[in-house]
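Chemist: Pasting a structure here, questions to come.
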Amino acid sequence: MILHLSKQIEATKVNRVKHYVELSMTLAFLSELVRVDSLVSAIGALVYIALWLGLYVLTFRALKRMMYSFLTLQLITLVISAVGAYVHYSTGELAAAILLVINIVAVIGIIFSVNRPIFYPKINWTEYDFRHRKDKRIEVEIGEKREPARIYDTRKGEAAIVSLNELELDHEYALYGYKDDKHRVRVLSQRRALLGRPAIYGVKFIKVK
């Protein structure tokens with residue numbers, strides 16, 4: 001599914017995540033370089049750096065499109081870093097172990113930053129099966145009409161809205177039926193599903209003065 005983001009989110013949160021990934025890559029490379037003390041170890045370090053590079057190339061590609069595989073790649077990076085830190089600590093290579101521990105912290109920060117409805121709403125196939133729905137029916141005010149939609153995954157002051165009607169990025173809309181009250185939200189992301197399926201919109205709740 002293709003994800004479209006508001007310019008504000010792309011310029012701030014996504015760029016921040018990109019910088020974190022760059023930091024993570026640098027730490028991974030340094031963890032290999034600090035172990036070099038001979039020609040043989042230098043060749044080994046280059047091999048491992050090449051493997052790290054392949055992993056991060058896939059990571060940046062997934063981040064660019066905000067694909068769900070980005071989270072999977074972060075978990076793989078986390079596991080590799082944890083195993084590497086343990087191995088290096090066991091063999092007395094403390095500098096490499098410390099760098100990988102720092103990398104673990106960086107990766108956890110990345111996962112925490114993107115684990116939100118506007119990027120990766122928690123949805124599964126049962127959301128499309130009316131027998132197993134856990135979302136809530138609402139109405140979105142579009143122009144002078146109230147159009148039906150569904151809301152789910154409300155976290156961190158954000159939510160995901162499933163709607164067959166077009167909602168524009170960076171626009172505000174009034175919601176009715178959520179917690180029996182009127183709310184206003186700003187559309188920050190739009191994830192297009194398969195043909196014939198409704199689009200998924202990541203929204204942020206706005207406090208009404």
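The values are calculated or read from the model by the stated rules, or taken from the named source; none is laboratory data. Please read these numbers as outputs of a predicted model, since none were measured by experiment. Note that each Cβ is placed from the backbone with ideal geometry, even for glycine, and that neighbours are counted across all protein chains shown.
Chemist: Select from the range 178-201 the residues that are over 16 Å from Phe119 (Cα atoms) and at pLDDT below 85 and list them in ascending order.
Modeler: Tyr178, Lys179, Asp180, Asp181, Lys182, Leu194, Leu195, Gly196, Arg197, Pro198
Chemist: Quick one: which of Ser90, Ser69, Ser81 is closer than 24 Å to Ala11 by Cβ and small (Gly, Ala, Ser)?
Modeler: Ser69
Table: residues versus (1) modelled with pLDDT of 95 or more; (2) assigned by TED's automatic domain parsing to the domain that holds Glu10.
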{"site": "Leu75", "(1), (2)": "yes, yes"}
{"site": "Leu78", "(1), (2)": "yes, yes"}
{"site": "Val83", "(1), (2)": "yes, yes"}
{"site": "Tyr86", "(1), (2)": "yes, yes"}
{"site": "Glu93", "(1), (2)": "no, yes"}
{"site": "Leu99", "(1), (2)": "yes, yes"}
{"site": "Val105", "(1), (2)": "yes, yes"}
{"site": "Phe119", "(1), (2)": "no, no"}
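Chemist: For a quick check of your reading: which helices (runs of 4 or more DSSP H) sit entirely within the range 4-113 and have at least 1 residues that are among the hydroxyl-bearing types (Ser, Thr, Tyr), free of Cβ contacts under 8 Å to residues at least 24 places away in the same chain and exposed (fewer than 12 other Cβ atoms within 10 Å of the Cβ)?
Modeler: 69-90
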